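Reviewing the structure listed below.
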RNA sequence: GGCGGGUUGGCGGAGAGGUUACGCACCGGAUUGCAAAUCCGUGAAGACCGGUUCGAUUCCGGUACCCGCCUCCA
């Protein structure tokens, strides 16, 4: 049995992972608020959990893992988007969920077993809020229901803060109806312009945090194994989830292991709209950066370290994936991944370490393939990007007969070369070769002859023109 | 102000208290009409200051710098 170790944010230590039930390992990832395309940062926790789920499948069996990732489809940002565009909320959320699926599929991420939408769990949220009120952990006032943080002594433990310190920081919203400035909303009133549901506290809608508490309980129970998301969710979102769930179900432990990934940067800076370096997964895909190349870059930095997305990394990843793709062409995967790769992933999801092992498997393409697939790379059918240009789509048409062009070009070049070798005048040949090289074609000349290889940046159109110039 | 993360060779990026990370780049050799590709090989590190230790880049403390969170942003 592979020994999985994970760094648990709750204890701040790397621990041996021990599922509550090896027949049903349960994990929950906080999913997106669905009002716009997923940005690149949104992809990181998805890929971290994807690798984790693949590992758990490997160790405990596909049928013994339950993976839940929610869609937050009730939110003031969505309301704002609806107001701006005049579109119905459901249209916006449905469309965004479709996009999300498309984009995460393109990254090779497995669909979770359950993808609950918050709006389908309003009844469970109301039930949980009622429990919290009954137990003295929440109170309703002026149509709002608030969680009373002072009623939960452990509040702040997950994120390593104390209520008093945070209040001293004084960034909390001061509302007159709050008993304590840190109290957070479980339910709030809605008006005609905002979506709402009938509740014991009037027509209204849930606060952000309660949905994850309600949905994780409904689908995974009051105790489950792993909960995660970006480190920015540690506070307040996850802290508040802990408070809600543990107070509503003192008999449960909620999540045993908390997994948080560090944030994403772009060229050394925080990704933000104001800096102009904000982009979505779809933006990259549309630019021709393949999903598995994005994935490779993401996995080449450990999840607990800040990940810096750079153009240089994307290019290097593309070259590596190209090379691997050529190596495993027409190769059947080995029956099992390399134990070394599994071990690296089992060691707190050390994907950079796993990739280092993959580099060493180049002599064994079948094992390389099986091992790469273990972390979601070189997946079957994901090689379509090799037929597209990376950055210069417009200069490269999709020539159906490009392989034939290459074959003709090769034999014509061979003739020219033979002449050159006879006449000792290589000027023309060298000129042709450098032109082809500049067009992104790899030209290998050996005693055996000339071989031409298409590369990730080959400009097919240019190559075809050059071939025509010399009558190939 | 509070909390947390980071600082490794030219670049990217890991593990491990003592033995080659790995990739890219570079350099040398084989090979080549010249190259490319391939193969072989060399060199190169752990912000700074202390401490623990026979020995630390790896543990502990401090300093500097960078970054994130504390604002329903992953």
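Here, each number is a calculation from the coordinates, and none is a lab measurement. From a predicted model like this one, the values you see are computed outputs, not experimental measurements. Using ideal geometry, Cβ is built from the backbone for each residue, glycine included, and neighbour counts are taken over all protein chains shown.
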ask   = Any idea what Rg and Dmax come out to for segment A:218-363 if you just take the C-alpha atoms, in Å?
value = 19.1, 56
query = Could you state the per residue volume, in Å³, of the convex hull enclosing the Cα atoms of segment A:395-469?
reply = 80 Å³
note = In degrees, nearest 10, the alpha-carbon axis of helix A:311-327 is tilted away from the dominant principal axis of the alpha carbons of chain A by 60 degrees
ask   = What percent does the relative contact order of segment A:231-333 come to when contacts are Cα pairs within less than 8 Å and at least six residues apart?
value = 28 percent
query = At a Förster radius of 35 Å, what calculated FRET efficiency corresponds to the Cβ-Cβ distance of residue A:408 and residue A:102, to the nearest 0.05?
reply = 0.35
remark   = Here D for chain A, in µm²/s, from Stokes-Einstein with a Kirkwood Rh over Cα pairs at 37 °C and 0.692 mPa s, works out to 130 µm²/s
ask   = How much FRET efficiency would the formula 1/(1 + (r/R0)^6) give for residue A:267 and residue A:36, where r is the Cβ-Cβ distance and R0 is 25 Å, rounded to 0.05?
value = 0.65
ask   = Along the principal axes of its C-alpha atoms, what lengths does segment A:327-472 span, in descending order and rounded to whole Å?
value = 61, 35, 23
message = Checking a compactness column here: for segment A:5-261, what do you get for Rg(Cα) / (2.2 N^0.38 Å), N being the number of residues?
response = 1.00
query = What's the angle, to the nearest 10 degrees (0 to 90), between helix A:122-134's Cα axis and the longest principal axis of chain A?
reply = 40 degrees
note = Here segment A:98-198 gives, from Cα atoms, an Rg and Dmax in Å of 17.8, 48
Scattering curve values for segment A:1-79, log₁₀ I(q)/I(0), Debye with Cα scatterers, q = 0.11, 0.22, 0.25 Å⁻¹ = -0.38, -1.09, -1.24
request  = State the three equivalent ellipsoid semi-axes of segment A:250-314, derived from the C-alpha gyration tensor as the square roots of 5 times its eigenvalues, in descending order and whole Å.
outcome  = 29, 15, 12
request  = Sort A:224, A:426, A:71 so that the residue with the fewest other Cβ atoms within 10 Å of its own Cβ comes first and the one with the most comes last.
outcome  = A:426, A:71, A:224
request  = Mark the label point 7 Å from the Cα of residue A:142 along Cα→Cβ and return the residues of segment A:177-206 whose backbone N is within less than 11 Å of it.
outcome  = A:177-179
remark   = Residue span residue A:62 to residue A:431: 0.36 nm per residue of separation minus Cα-Cα distance leaves a gain in nm of 127.2 nm
remark   = Stokes-Einstein, Kirkwood over Cα pairs, segment A:318-385, 20 °C, 1.002 mPa s; D in µm²/s equals 182 µm²/s
query = How far apart, in nm, are two points set 7 Å out from the Cα along the Cα-to-Cβ line at residue A:421 and at residue A:127?
reply = 8.1 nm
message = Below 8 Å between Cα atoms, with a sequence gap of 6+, how large is the relative contact order for chain A in percent?
response = 15 percent
query = What angle do you read, to the nearest 10 degrees and between 0 and 90, between the alpha-carbon axis of helix A:427-438 and the longest principal axis of chain A?
reply = 10 degrees
